Amino acid sequence: MSALQPGHRSEAVAIAAERRWAWVVGAIVALLVAMMIVTGLHWAAMPPSRVETVDVKTLHVKGEFVEGNLGTAVGPDGKVTVRLVAQQYSFQPQCIVVPVDTPVTFRATSTDAIHGFIIGTTNANTMLVPGFVSTFTTSFRKTGESLMPCHEYCGTGHEAMWARVQVLAADDFLAQSRAGERLSCVAR
Ligand code: CUA
C-alpha cells in the first residue's frame, strides 16, 4: 500500500500529538523535581526529624511549656534553647531574643489550632500542631530584627498573628542572659 487510508492518517496524527504531550508533561515533572532539589539544597530546608508528643490539657500548668519557662534559655553547657507556645492569635513570648552565629534550638507547640511560623528570610520555618513538639536547630547569620508571622491559616485572626525576633551580637546577648533565667524582649 502506497498511501495511508484517511482513518490511519488521523490515528498517526493522534499518536504524534499524544507523544508530544507526553514529552511536555515529562518536562514539567522534571522541572518540578529539579525545583524541589534546588530549593531544598540551596535554602537548606530542614525535614521533620522525629515525633515528640505533649499533653495539651496540662501544657499551661506543668512541664516544659509553663509560662515561666518560655523564652530563651542558656543551658549550663552554653546551649541556647528558645521555647514558645502558639495560640489563637498570638505567640508567647511576643518578642524573642537570640545570639548571632550561634546554634539555637527551637522547641514549640500549639494549644489550640494548627499554627506555624517563619522567621524573616531565614530557614527557620515550622508547623505547630497541638499535642506535638516541633523542634529544629538553626543559626542566624545577621543581627537585627525580623518579623515572625504565623503561616498556617488558623482562623479569623490569622493575619494579625505574629511575633518579633531580635538577633543580637553574641556579647550583647550574653550580657543580658543570667543563669536559670528566661530571656525575651518587650513586645511593641
Ligand atoms: Cu496562627 Cu495563623
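The values are calculated or read from the model by the stated rules, or taken from the named source; none is laboratory data. Since this is a predicted model, take the numbers as computed values, not measurements. With ideal geometry, Cβ positions are generated from the backbone for all residues, glycine too; neighbour counts draw on all protein chains shown. Note: areas computed on protein heavy atoms with side chains; ligands, DNA, RNA excluded. Shrake-Rupley method; radii C 1.70, N 1.55, O 1.52, S 1.80 Å.
What do you reckon, is A86 touching a Leu at 6+ places or on another chain (Cβ under 6 Å) and aliphatic (A, V, I, L, M)? In short, yes. For the list (1) closer than 11 Å to Q88 by Cα; (2) open to solvent by 10 Å² or more (accessible area, probe 1.4 Å); (3) at pLDDT 95 or above, I need the number of the one condition that S110 fails. Tallying (1) closer than 11 Å to Q88 by Cα; (2) open to solvent by 10 Å² or more (accessible area, probe 1.4 Å); (3) at pLDDT 95 or above, S110 fails exactly one: (2). Annotation: of all residues in region 72-120 being assigned to a loop (DSSP other than H, G, I, E, B) and of a type in the set (S, T, Y), the one that is farthest from V165 (Cα to Cα) is T111. Scanning region 62-71 for residues that are surrounded by 10 or more Cβ atoms within 10 Å (Cβ to Cβ) and either of a type in the set (S, T, N, Q) or not in a loop (DSSP other than H, G, I, E, B) (or both) returns E67, N69, G71. Just one of (1) closer than 29 Å to D172 by Cβ; (2) touching a strand residue (DSSP E or B) at 6+ places or on another chain (Cβ under 8 Å) fails for S110. It is (1). Does at least one position in region 74-93 carry a residue that is touching a His at 6+ places or on another chain (Cβ under 7 Å) and of a type outside the set (S, T, Y)? So far as region 74-93 goes, yes, one or more of its residues are touching a His at 6+ places or on another chain (Cβ under 7 Å) and of a type outside the set (S, T, Y). I need the full set of residues from region 113-164 which are of a type in the set (G, A, S), more than 14 Å from the ligand (Cβ to nearest atom) and touching a residue at least 60 places away in the same chain (Cβ under 8 Å), in order please. Hit for region 113-164 is G131, nothing else.
For A175, are the conditions met, namely being away from the ligand (no atom under 15 Å from the Cβ), farther than 18 Å from L70 by Cα and either open to solvent by 40 Å² or more (accessible area, probe 1.4 Å) or modelled with pLDDT of 95 or more (or both)? So A175 fits the description; yes.
Conditions tested, residue by residue: (1) of a type in the set (V, I, T); (2) surrounded by fewer than 16 Cβ atoms within 10 Å (Cβ to Cβ).
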| position | (1), (2) |
| --- | --- |
| V82 | yes, no |
| F91 | no, no |
| T121 | yes, yes |
| L128 | no, no |
| F140 | no, no |
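The single condition among (1) in contact with a Cys (Cβ under 9 Å, 6 or more places away or on another chain); (2) more than 23 Å from T58 (Cα to Cα); (3) open to solvent by less than 20 Å² (accessible area, probe 1.4 Å) that V186 does not satisfy is (3).
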